[in-house]
Amino acid sequence: MESIEQTGRTVEGAVEAALRTLGVSREKVDVEVLAEESRGLLGIFGYSAARVRVTVKQHPRQSDLPAPAPPPTEAQPPEPIPGAEAGQRSELAENALDILTQIIDLMGLQVRAEITSDDAESVSIDIHSDQDIGLLIGKRGQTLAALQLIVAMMANRGQPPDGRRRIILDAEGYRARHDRALQAMARSAAQRAKRSGRPVTLSSLTPRERRIIHLALADDPSVTTRSEGEDPDRVIVVTARRHSPQ
């Protein structure tokens with residue numbers, strides 16, 4: 001019997017890698033779990049991979065094969081695809097949630113985190129607390145943004161380029177409220193530029209905030225936006241368009 005041992009970030013990941021090496025499907029093998037994965041602290045310290053032994057089943061002799069089943073008398077629904085159950089979370093999403101939870105515990109904060117979106121492009125996690133969550137958000141969301149960057153880097157560690165995804169963290173709806181405030185700021189700047197005929201400069205914005213300003217005014221034909229300068233002093237300039245005389 002053909003048999004191999006395989007390691008992976010999880011048991012399922014190790015099994016899938018072994019199946020690809022053997023070139024067989026799951027139902028044609030026996031799986032023995034030799035070691036469960038251990039994430040360790042923050043997915044780094046004390047981490048150990050899962051290890052499995054996958055053995056191809058022996059083909060039964062023709063005389064041992066069961067008689068073929070009679071054809072169905074009516075159409076039957078297709079078998080469900082393994083792992084495609086509604087609402088099932090991906091390994092990357094679970095890993096990101098685990099890392100975030102450990103970091104928050106180390107910060108001494110009493111909060112709850114839940115995965116709100118898990119698709120091919122990104123994983124969104126929302127954080128809730130019965131206490132003041134301002135410490136986790138930080139000034140103008142800087143702490144939340146730094147935490148998002150750390151979780152994204154660690155969760156995507158070891159993933160192939162096409163398997164990496166954005167990790168988006170929010171806290172009590174802070175991002176949505178902040179985005180609405182930035183969009184209002186953009187519209188106000190556009191109105192001032194059109195009334196005065198002079199450019200309006202918006203400063204002290206992060207790259208993400210500048211992107212929101214640009215998008216908020218992208219469909220306004222009466223103004224233009226451009227970025228000037230170098231970070232961290234880069235600014236947005238909102239300018240009214242000059243209409244040529246008829």
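The values are calculated or read from the model by the stated rules, or taken from the named source; none is laboratory data. These numbers come from a predicted model, not from an experiment. Every residue, glycine among them, receives a Cβ derived from its backbone with ideal geometry; neighbour counts consider all protein chains shown.
Data table
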| read-out | value |
| --- | --- |
| Odd one out for Glu172 among (1) charged (D, E, K, R); (2) surrounded by 14 or more Cβ atoms within 10 Å (Cβ to Cβ); (3) closer than 25 Å to Ala14 by Cβ | (3) |
| Residue count for segment 18-33, restricted to those that are over 10 Å from Val52 (Cα atoms) and surrounded by 15 or more Cβ atoms within 10 Å (Cβ to Cβ) | 4 |
| Residue within segment 159-168 that is in a helix (DSSP H, G or I) and over 17 Å from the mean Cα position of the chain (by Cα) present | no |
| Conditions (1) assigned to a loop (DSSP other than H, G, I, E, B); (2) surrounded by 12 or more Cβ atoms within 10 Å (Cβ to Cβ); number of the one not met by Gln131 | (2) |
| Inter-residue pairs, beta-carbon under 7 Å, first free of Cβ contacts under 8 Å to residues at least 24 places away in the same chain and in segment 129-155, second assigned to a helix (DSSP H, G or I), 6+ apart | Gly138/Leu144; Thr143/Leu136; Thr143/Ile137 |
| Residue, nearest to the chain's Cα centre (by Cα), within segment 193-212, restricted to residues that are loosely packed, with under 15 Cβ neighbours inside 10 Å and among the charged types (D, E, K, R) | Arg208 |
| Qualifying residue in segment 213-229 (condition: closer than 28 Å to Ser129 by Cα and either buried (at least 16 other Cβ atoms within 10 Å of the Cβ) or touching a helix residue (DSSP H, G or I) at 6+ places or on another chain (Cβ under 6 Å) (or both)) | no |
| Verdict on Gln142 being of a type in the set (S, T, N, Q), assigned to a loop (DSSP other than H, G, I, E, B) and under 28 Å from Leu100 (Cβ atoms) | no |
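One line per residue, one yes/no per condition, for (1) within 29 Å of Ile103 (Cβ to Cβ); (2) outside the structural domain of Ala155 (by TED's automatic domain parsing); (3) modelled with pLDDT of 80 or more:
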{"site": "Glu16", "(1), (2), (3)": "yes, yes, yes"}
{"site": "Arg20", "(1), (2), (3)": "no, yes, yes"}
{"site": "Lys28", "(1), (2), (3)": "no, yes, yes"}
{"site": "Gly40", "(1), (2), (3)": "yes, yes, no"}
{"site": "Ile44", "(1), (2), (3)": "yes, yes, no"}
